[in-house]
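Every number here is computed from the coordinates shown, using simple stated rules; none is lab data. This one's a predicted model, so the numbers in the text were calculated from it and none came from an experiment. So basically every Cβ, Gly included, is an ideal-geometry build from the backbone, and we count neighbours across all protein chains shown.
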């Protein structure tokens, strides 16, 4: 069993011990991811780009990732597969020749 | 080498081929995670809790996870470790006896 | 009739001509505000603090404010009143003597 | 002087008494709007569409609106004007004949 599968199993166990599956519909899981991502952003509010405490960063990243794993599991999605596929898609949207050193969105690239 | 390490290496390769490391400060990576999380939420806007297309879900989850891996790598954070630690922390914040069947935040639990 | 009341009336007219009231429950209006706020943030992604086009800023601010007015109207909330009340509350949370020149959150102020 | 101008003046006074202008660059103001919008969304997390306390709704809306007014003021933007302009733009993007009773985005309308 893979490491990601193990940790997902631990998340599901935590959820089920608390009988929380009833709350974890897809829309609210998406909201939870977004709310946790916003708490990550808040660590940097009014601050410099690298002005962050590592422990807080770990806490917020863990929350985001946990809800991502729960949403992926709910839809039987393999997170490694989808990241691989996304890299392939993005290689077409952002060809090196156009995107190199350029932070523009693909629809603004020339 | 683990599967997560492999996919992170692929993300870094993609980034470096495009010379994008210069844009990827921690604050903007956090913003990117939050923006992608909001695009995930948008899939559900004005819609029911399970009214979502799986392909779109995979796309948005992949974006969120990719930026999470890049931010974690930047700070030398092992994402499996931090999720494990978070489950342990949350077990204390949300004891089964109080949290069972209850969606309240830990600071509202009685 | 006040200027805010006038513009709210125009927003309601726009909504009702399209028969969109059925979609505008409070939760989804909150999501809409958050999604538009994230589009505002995206204008600044990978960019400097003031590196933004005014027309895009106006567009995103208008979207956020429109959904705020619709949500406030739905709950019979006067937006000027609540801002006034918030300033009074914040004056207690952030006394000048402690908060001056300090960007910390009230619960971190000493 | 208009009511919106009055409340903006009160917000600026609050800010300047605390010497906070130094933190209020455009990017961080946008982040603040988004963070407050996410706190608004959190009121609805794991809950029904109308399951919200009015006092909390007022609090979060006030925070979002306050930062919107500060960002608008910084760029000399009249919030009533931009909402009016947006309604006109949206009337073209969402013609009644196509959008009536339909929650799709303009680029998905047929």
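Below, the figures for the structure above:
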item	result
Chain D Cβ-axis minimum, rotational copy C, residue and distance in Å	D:37, 2
Chain B, relative contact order in percent, only Cα pairs under 8 angstrom and at least six apart counted	27 percent
For region B:27-68, convex hull volume per residue from C-alpha positions, Å³	53 Å³
Sites residue C:6 and residue B:5 - FRET efficiency at Förster radius 60 Å, r taken between beta-carbons, to 0.05	0.55
The protein assembly as shown: translational diffusion in µm²/s, Stokes-Einstein, Kirkwood Rh over Cα pairs, 20 °C, 1.002 mPa s	94 µm²/s
For region D:1-62, the spread of Cα positions along each principal axis, largest first, Å	39, 27, 17
Among A:85, A:60, A:50: highest mean-square fluctuation, GNM of chain A, C-alpha pairs under 10 Å	A:50
Cβ neighbours within 10 Å from other chains - mean over C:15-23	4
Alpha-carbon gyration tensor eigenvalues x 5, square-rooted, for chain A, Å	30, 21, 13
Zone residues, region C:1-22, relative to residue C:78, backbone N less than 15 Å from point 7 Å out along Cα-to-Cβ	C:1-6
FRET efficiency, 1/(1 + (r/R0)^6) with R0 56 Å, evaluated for residue B:97 and residue A:98 via beta carbons	0.45
Using alpha-carbon coordinates, inclination of helix B:54-74 to the longest axis of chain B, degrees	70 degrees
